[in-house]
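Laboratory data are not the source of any read-out in this text; all were calculated from the coordinates shown. Since this is a predicted model, take the numbers as computed values, not measurements. Quick reminder, even Gly has a Cβ in these numbers, built from the backbone with ideal geometry, and neighbours come from all protein chains shown.
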Amino acid sequence: MNKTRLIFFTFILLALLIIGVSFVIQQLSGNIPNPTAQPIQLRVVAALPIEPWVQDAAQKFNAEKRSLEGRTIVVNVTPMDSVTALGKWDRGEFNPVPTVWIPDSRYLVELVNATYSAKLGRDVFLTDGEYRARPLVTSLFSWGIYKSRAETLEKKFGKDNINWKTIHDAAIARGGWPELGGEKAWGYFKLIVPNPRKNAAGLLAMVAAAGEYYDKTTITTEDVTNPQFQKWLKELMGAVTDFSSLSSYTVEDLALFGYSVGDGGQLLESDLLVNMSGIQTRWADPLVIVYPKYLTWFDFPFTIWMGAETSAIEKNAALQFQKFLLSAPIQSAAAARGFRPANTEVSIAGADSLFVKWKDYGAKTFVPSTARMRAPDRDTLQTLLRWFDLNVAK
């Protein structure tokens, strides 16, 4: 073999060696899936308002065949209202245990941690470090009320005066809407509140009502058990047409069935925004959005279960999916569904934003600083639910 051929084959061998080493490094870093390895099953339980967005993102994530340590990551999303999920965590009924829980609000995570800290002496969802709970998007509680009804209430109670106290007064008007200045055909005022046993928003609506009743941001068990407050709340909740007929998706019911569902209520801003067009298409009277004095925030935290029931590789796969959900394109898709993105690079002030589209009907890209309702403790929530079961549920 002459010198030229020797040099040629040496270069070929070196090239093959470099390719081989690169392949091994990529395999070890998880960049190339190993077709013989079992996929990493990432189980995600998502709150009802956010589940469609998470589900769509999971489909995109899975289509990209992302991997870790040579194993493809497969995300499976299960919709579940946060009240039901909270009960399952408390009773240890998840089997298998989800790798990730995305509830409506961080306070629900704190309630689960409180339960498990008493049992295990440690948190199962972290509040700091790499695996900490991180908000994905936010949405606000806001009043969604038909424009004709809102204008009538403002004439009766004063401009910019739609709140739980005036809604209560409207609810107990013996003469119905005519007594309030409205039309006879409207009947009596019908309040819209999600069923607290089907949707965490229903439970937080009662918390928000208590906050305005007492004019403070924190309520206690003593507040809930106050007979005067209970009488007031029962009168208020009595204006709901029928809790048993309401689904978990209250604003969708409003869009489909209109006035028969209710005249207005405090509902999730994102749900209102995505249903505004449907409501205008079906009903001549549009909805308007009014932001309350005491704001209730939903921050939909991405929380990773830190117990032994999930492996280290599953927890790390969860971080990959979390990063994907927080990426600008996926956050933009969330904004298109009426959520406020956690990624500050994504704006909701653009021309195609739902917040801009519906600004003439009350939607705001920026809500002025107002009081924020604080999360009540477990005893207070349980007391409210028990009161609801005994006095309102049908």
Among the DSSP H helices of the chain, those whose Cα atoms extend at least 24 Å along the helix axis and whose mean Kyte-Doolittle hydropathy is 1.0 or higher are 3-29
Kirkwood Rh and Cα Rg combined as Rg/Rh, the stretch 97-231
1.09
Cα lying deepest toward the dipole's positive end in the chain, options 367, 257, 287, charges on Cβ:
367
Taking residue 315 as the anchor, which lysines have their alpha carbon closer than 18 Å to its alpha carbon, excluding any fewer than eight residues away along the same chain?
65, 323
Histogram of C-alpha separations across the stretch 340-387, 10 Å bin width, %:
21, 29, 22, 24, 4
Assign one of three labels to the stretch 289-394, namely rounded, prolate or oblate, based on the Cα gyration tensor with a ≥ b ≥ c the square roots of its eigenvalues; rounded applies when a/c is under 1.5, prolate when it is not and a/b is larger than b/c, and oblate otherwise.
oblate
Residue-wise HN-Hα coupling along the stretch 136-142, computed from phi with Karplus coefficients 6.51, -1.76, 1.60 (Hz; x: Gly, Pro):
8, 8, 10, 8, 10, 6, 8
How big is D, in µm² s⁻¹, for the chain by Stokes-Einstein at 37 °C and 0.692 mPa s if Rh is the Kirkwood radius over C-alpha pairs?
141 µm²/s
Give me the percent of DSSP beta bridges within the chain that run antiparallel, rounded to the nearest 5.
60 percent
Note on the stretch 188-326: alpha-carbon gyration tensor, axes a ≥ b ≥ c; rule is a/c under 1.5 for rounded, else prolate if a/b larger than b/c, else oblate; result oblate
Taking loop as defined by DSSP and a crowding limit of 13 other beta carbons within 10 Å, which chymotrypsin sites (Phe, Trp or Tyr not before Pro) in the stretch 293-394 fit?
366
Subset of 119/216; 88/190; 147/216; 198/234; 190/231; 159/359 violating a 23 Å alpha-carbon distance limit:
119/216; 88/190; 147/216
How big is the equivalent ellipsoid of the stretch 192-262 along its three axes, where each semi-axis is √(5λ) from the Cα gyration tensor, reported in whole Å from largest to smallest?
25, 12, 10
For the stretch 165-209: span of alpha carbons on each principal axis (Å, largest first):
34, 19, 12
